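K.L.:
Below is a structure I'd like to ask you about.
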Amino acid sequence: MTELNVTPLMDLAFSLLIIFMISTPLLEQTIPVDLPQQERSASSRRPEIEFQVISIDSNGHIFWGKQQVDLPELDRLLGNLATLADPPAISLRGDRSLPYQKIIDVIDAIKRHNLTKMHLDTSVK
């Protein structure tokens, strides 16, 4: 016999293809995540950096420092901040019960003005 019988190899290839077709959608399901709190570590001391704090409370109200602003006003304030020679870092504080889209809207406003130094605050255990 001078020819190789590929029939068993084709059966194996099709079997593997069917297994991957069935298992791939199972891997792509999203899982609801409640992000953990950050542990405090003594070795991670932050250098002294000037921060501009932007907070979003549980009702979705945006605060520039302690002043309540809306999204267009925040965009204007970020534009003013971007004109500085060395703009401060942005510290973004969002309530954990917020819809994710509200945080993304604020991050998009920060990115529109090319403010690249940003810090997302977390609570410490």
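Bear in mind these aren't lab numbers, they're just calculated from the coordinates by the rules spelled out. In this text the structure is predicted, and so the values were computed from the model without any measurement. When we count neighbours, we look across all protein chains shown, and the Cβ atoms used for this are built from the backbone with ideal geometry, even at glycine.
K.L.:
Please turn the phi angles of region 100-116 into ³J(HN,Hα) values with the Karplus equation 6.51 cos²θ - 1.76 cosθ + 1.60 (θ = phi - 60°), one per residue in order, whole Hz, x for glycine and proline.
P.N.:
Each residue of region 100-116 in turn: 4, 4, 5, 5, 5, 4, 5, 5, 4, 5, 5, 5, 4, 9, 6, 8, 9 Hz.
K.L.:
Taking the Cβ of Leu71 as the center, what net charge do the other residues with Cβ under 15 Å away carry, scoring Lys and Arg +1 and Asp and Glu -1?
P.N.:
The answer is -2.
K.L.:
Let me ask something additional. Pop a pseudo-label 7 angstrom from the Cα along the beta-carbon direction at both Leu71 and Leu12 and give the gap in nm to one decimal.
P.N.:
For Leu71 paired with Leu12, the spin-label model returns 5.6 nm.
K.L.:
How many angstrom lie between the C-alpha centres of region 6-22 and region 68-110?
P.N.:
Value for the Cα centre distance between the two parts: 52 Å.
K.L.:
Another question about this same structure. Hey, how much of the P(r) for region 51-120 falls beyond 18 Å, as a percent of Cα pairs?
P.N.:
28 percent
K.L.:
Assuming 0.36 nm per residue, please report the length gained on full extension of the stretch Ile107 to Thr122 beyond their Cα-Cα distance.
P.N.:
Here the segment from Ile107 to Thr122 would lengthen by 3.8 nm.
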